[in-house]
Amino acid sequence: MAFHVEGLIAIIVFYLLILLVGIWAAWRTKNSGSAEERSEAIIVGGRDIGLLVGGFTMTATWVGGGYINGTAEAVYVPDYGLAWAQAPIGYSLSLILGGLFFAKPMRSKGYVTMLDPFQQIYGKRMGGLLFIPALMGEMFWAAAIFSALGATISVIIDVDVRASVIVSALIATLYTLVGGLYSVAYTDVVQLFCIFVGLWISVPFALSHPAVSDIGFTAVHAKYQEPWLGTIESFEVYSWLDSFLLLMLGGIPWQAYFQRVLSSSSATYAQVLSFLAAFGCLVMALPAILIGAIGASTGKFLAASPQVPASDKEIVWVMRITVFVFGASATAMALLTKTVYGLWYLSSDLVYIIIFPQLLCVLFVKGTNTYGAVAGYVSGLFLRITGGEPYLYLQPLIFYPGYYPDKNGIYNQRFPFKTLAMVTSFLANIGISYLAKYLFESGSLPPKLDLFDAVVARHSEENMDKTILVRNENIKLDELAPVKPRQSITLSSTFTNKEAFLNIDSSPEGSGTEDNLQ
């Protein structure tokens, strides 16, 4: 492949623009005030993200290299086609559901991260456990983005794909490292604009290329490969629904999404941005679908995927180190992967099965506790792992109805076992929570066995808060019972002491009224 000087110049200009915007945002974060204000600015942007920037960065929650390349790859691959390119509709619906049901309760309570309600209800240890699947999901997603960027750059300027991945990852890590959410938000504006304009500029040229057949014909007729519209056979319906629910519901409990929600100036604003982003996801998917269709209509092989407790100052540094380690790990994963779509698909897997049912319980089911959370976590993880995973060459231990071997000898499941694992996790959380509560409160289990301090200790603490109002000379005004005023008291009598005036009028020295008032 020839070396494209124009492409190299365009890539350099693009990355310089991204880097400069990120550095400017970092400067804004640095001058945002005290250390406490800077830590909040890094995490949630000071909660003052505007409508324009907020709409772009909320859309960029899902629209990136993994979304664009993954959609195009799904349409192109003969075993999938447009019928299996579920992410555009799935993630758009996840943003709508997130805006309708999750954005308002999370933003109105002033959380800083998605894990805050888990730590508040289930404790820090359970919050740490839930951090693991959240981190794995983000890492798979970042790896898909780095892999897609590396593949794109290697095609444009004919350089080694590994070098492309590393350069892309370094730049993304650098501006996130120094600028936090401000850098991410403002660079999202630049990136989405470039993606949208660049894709729609390239689509007409690709469609008019002599090697490309009529995409309308190849949509329903086999020419170079199977029709790119794809098909869903009757025996694949449950598997399709399983994958679709994974994307739609598994697209909600993400720190990347709730970081944008929590950075909004109000709960209503967070809902509006979610709905705008849902529309943006659909619009941005159109050129990717066309590019995938063009690839399926081209005689020459076309592939998009490569083959290869603390102070506020300490919190800021911990976040920076975490970003660096996370970026390095995602880069390594991107270098080892063989498919963008596979990484993209796996990113929502554990999030859907483990975190989504936990989020439902912690926000909408009253009375769940740490015992139920642990039971839900373990049961969901067990059913997921024993179901196997072809992308990771993991053979299943439990064979559900409809399993079959692929070309690599790995057994695939047609049964919707991921949704089964999610529902089991949800029901286990509720069932075990209420069972533990009943056993401890009825005396069937002694208080000393409440190892997580989730029932007995929490119940005692709540009672103490309601009965002991004065402690260490501090009065908890919010626990005081409201005083009901007498119905006969009117507004005027509230500010007028009539008995005082009657005493004044009836006094023997009526002329001394003014002196008495004084």
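Here is how the numbers come out for the structure above:
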| quantity | calculated |
| --- | --- |
| Test result for Tyr400, surrounded by fewer than 21 Cβ atoms within 10 Å (Cβ to Cβ) and more than 24 Å from Leu130 (Cα to Cα) | yes |
| Selected residue [at positive phi, modelled with pLDDT under 75 and open to solvent by less than 20 Å² (accessible area, probe 1.4 Å)] from Gly180, Gly150 | Gly180 |
| Residue in segment 153-164 that is aliphatic (A, V, I, L, M), outside any helix (DSSP H, G or I), modelled with pLDDT of 90 or more and surrounded by 15 or more Cβ atoms within 10 Å (Cβ to Cβ) present | no |
| Qualifying residues in segment 335-362 (those that are open to solvent by less than 10 Å² (accessible area, probe 1.4 Å) and not in a helix (DSSP H, G or I)) - the one modelled with the lowest pLDDT | Ser347 |
| Qualifying position, being of a type in the set (A, V, I, L, M) and touching a Ser or Thr at 6+ places or on another chain (Cβ under 6 Å), among Leu149, Leu129 | Leu149 |
| Candidate set: segment 188-220, residues that are outside any loop (DSSP other than H, G, I, E, B) and hydroxyl-bearing (Ser, Thr, Tyr); chosen: the one farthest from the chain's Cα centre (by Cα) | Thr218 |
| Residues within segment 99-114 that are surrounded by 15 or more Cβ atoms within 10 Å (Cβ to Cβ) and among the charged types (D, E, K, R), tallied | 2 |
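The values are calculated or read from the model by the stated rules, or taken from the named source; none is laboratory data. Keep in mind that this is a model prediction, so the values were computed, not measured. Please note: Cβ atoms are built from the backbone with ideal geometry, for glycine as well, and neighbour counts cover all protein chains shown. The area values use the complete protein model at the heavy-atom level, side chains included, leaving out ligands, DNA and RNA. Shrake-Rupley method; radii C 1.70, N 1.55, O 1.52, S 1.80 Å.
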